[in-house]
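S.K.: Submitted below is the structure of interest, expressed as structure tokens.
The values are calculated or read from the model by the stated rules, or taken from the named source; none is laboratory data. Please read these numbers as outputs of a predicted model, since none were measured by experiment. Methodologically, a virtual Cβ is constructed for each residue, glycine included, from the backbone with ideal geometry; neighbour enumeration extends over all protein chains shown.
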Amino acid sequence: MSTVSVVIPCYRYGDYLPACVSSVLDNQPDVDVRVLIIDDASPDDSAKKARAIAAADPRVEVRVHETNRGHIATYNEGLLEWADGDYAVLLSADDLLTPGALTRAAGVLDANPNVGFVYGHPVHFTHPGPPPPARTRDRGHTVWPGHWWLERRFREATGCITSPEVVVRTDLQRKVGGYDPELPHAGDIEMWMRLAAHADVGYVRGADQAYYRLHGANMSQTDYAGQLDDLRQRRTAYDAVMRRCGDLLPDAHRLDAMVRRRLARHALRRAVRAYDRGRTASVPEGELIAFAADCWPEYRALPEYRGLRLRKRIGPAVMPYLQPLVLTAVAARGREWLWWQSWKRRGI
């Protein structure tokens, strides 16, 4: 029977702990699970609630920090110092596993020694509402070569994993090391890519693997300054992967150029969206353009930059009203170009 070590960091999330721990220990057949709750000096009664859970179940341990160490240090303490099972899970105290999630993930890892971590579909739900029913019948699994999966992340310049749905092979986690304290907001993206540089990636098909709770404390920033910070953190994450794992990637220079171009497009797209939505007063347009230029010096040739120039000529006051017409014209121009290319190929 496979063993799974589940690390649950907690800071002021004591009210969520009973449901979180229950989701880990109940309805997870054929795996031997142990849990460590690490309370990071919560100013409320979270530590008391964690100790009560541990007193009722010998599979649960608790550590309480006297001073706040931050989430990255707390993650690494649990994963690198405590976890000793075959597989390890990092699960925020406000999230949940679905029934059978550990069983399904462990089955993929047991059957595929080349796979370093497994993930699946996460269900997002909004607090305080209850989570919806989870799909628990999988349709098998997929194994992707790690470098192929890693190239997809560089091509898209975004993560595809929320976090609670991941189960990692513990010895690989120790090999690659812990989360990077220089990446407080993008450490998870960098970690999945670092793992994929060393091993293949598994995916559970059909079943939901975890619940991710949306509430005021974890909602993604929607202001443009926050989105710019997100882009900067992502770039730092990709740079860190190159620095740590570039020698493992035969096409590292191409991947680096690919992600920088994509990040530049993301930055310009956010500036474009601000014009379309009438939010230019809050968008740091100059900083977004500067970020794009730093990532990709030929940024002026990108379609997003041409779209931004068009919107600047139209003006921020009028653009929200003309957006449907502009998009229709752009789409029509694209269809015309495709039609012309098809005729050229026919030699007419």
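S.K.: For residues in the range 262-318 being part of a helix (DSSP H, G or I) and in contact with a Pro (Cβ under 7 Å, 6 or more places away or on another chain), which is modelled with the highest pLDDT?
M.R.: Tyr275
S.K.: What residue, of Ala101, Ala106, Ala93, is buried (at least 22 other Cβ atoms within 10 Å of the Cβ) and over 17 Å from Tyr211 (Cβ atoms)? Please lay out each step first, then the result.
M.R.: On the way: Ala101 fails: over 17 Å from Tyr211 (Cβ atoms); Ala93 fails: over 17 Å from Tyr211 (Cβ atoms).
When all the criteria are applied, what remains is Ala106.
S.K.: Follow-up. For the condition assigned by TED's automatic domain parsing to the domain that holds Ala197, modelled with pLDDT of 95 or more and not in a helix (DSSP H, G or I), what is the one hit in Arg51, Arg63?
M.R.: Sole residue among the options that is assigned by TED's automatic domain parsing to the domain that holds Ala197, modelled with pLDDT of 95 or more and not in a helix (DSSP H, G or I): Arg63.
S.K.: Return a yes/no flag: does the range 54-68 have any residue that is out of contact with any His (no Cβ under 6 Å at 6 or more places or on another chain) and surrounded by 22 or more Cβ atoms within 10 Å (Cβ to Cβ).
M.R.: Looking through the range 54-68, at least one residue is out of contact with any His (no Cβ under 6 Å at 6 or more places or on another chain) and surrounded by 22 or more Cβ atoms within 10 Å (Cβ to Cβ).
S.K.: How about the range 108-127: which of its residues are of a type outside the set (A, V, I, L, M) and without any contact (Cβ under 8 Å) to a residue 12 or more places away in the chain?
M.R.: Within the range 108-127, Pro113 is the sole residue that qualifies.
S.K.: Regarding Glu77, is this residue farther than 15 Å from Tyr13 by Cβ and assigned to a loop (DSSP other than H, G, I, E, B)?
M.R.: Numbers: farther than 15 Å from Tyr13 by Cβ: yes; assigned to a loop (DSSP other than H, G, I, E, B): no.
Answer is no for this residue.
S.K.: Something else: It is to be established whether one or more residues within the range 249-257 are among the aliphatic types (A, V, I, L, M), closer than 23 Å to Asp230 by Cβ, at pLDDT 95 or above and assigned to a helix (DSSP H, G or I).
M.R.: Here is the first cut: in the range 249-257, the ones among the aliphatic types (A, V, I, L, M) are 249, 252, 255, 257.
Now restrict to residues that are closer than 23 Å to Asp230 by Cβ: 255, 257.
Next, from what is left, pick out any that are at pLDDT 95 or above: 255, 257.
Checking the rest, the ones that are also assigned to a helix (DSSP H, G or I) come to 255, 257.
Taking every residue of the range 249-257 in turn, at least one turns out to be among the aliphatic types (A, V, I, L, M), closer than 23 Å to Asp230 by Cβ, at pLDDT 95 or above and assigned to a helix (DSSP H, G or I).
S.K.: Could you say which residue among Arg270, Arg262, Arg244, Arg277 is buried (at least 20 other Cβ atoms within 10 Å of the Cβ) and charged (D, E, K, R)?
M.R.: Every option except Arg270 fails the conditions.
S.K.: Of the conditions (1) farther than 26 Å from Leu36 by Cβ; (2) crowded, with 16+ Cβ neighbours inside 10 Å; (3) not acidic (Asp, Glu), Thr162 clears all except one; give me its number.
M.R.: (1)
S.K.: Also: Which count do you get for residues in the range 87-134 that are of a type in the set (D, E, K, R) and either under 20 Å from the mean Cα position of the chain (by Cα) or not assigned by TED's automatic domain parsing to the domain that holds Leu36 (or both)?
M.R.: 2
S.K.: Let me ask something else. Looking only at the range 147-170, how many residues end up being acidic (Asp, Glu) and either touching a Ser or Thr at 6+ places or on another chain (Cβ under 7 Å) or under 24 Å from Leu96 (Cα atoms) (or both)?
M.R.: Number satisfying all stated conditions: 1.
S.K.: So, restricting to helices (runs of 4 or more DSSP H) that lie completely within the range 144-248, which ones have at least 2 residues that are in contact (Cβ under 8 Å) with a residue 40 or more places away in the chain and among the hydroxyl-bearing types (Ser, Thr, Tyr)? Break it down into steps so the answer makes sense when it comes.
M.R.: Details: elements: 146-156, 170-176, 187-198, 224-245.
By residue number, 224-245.
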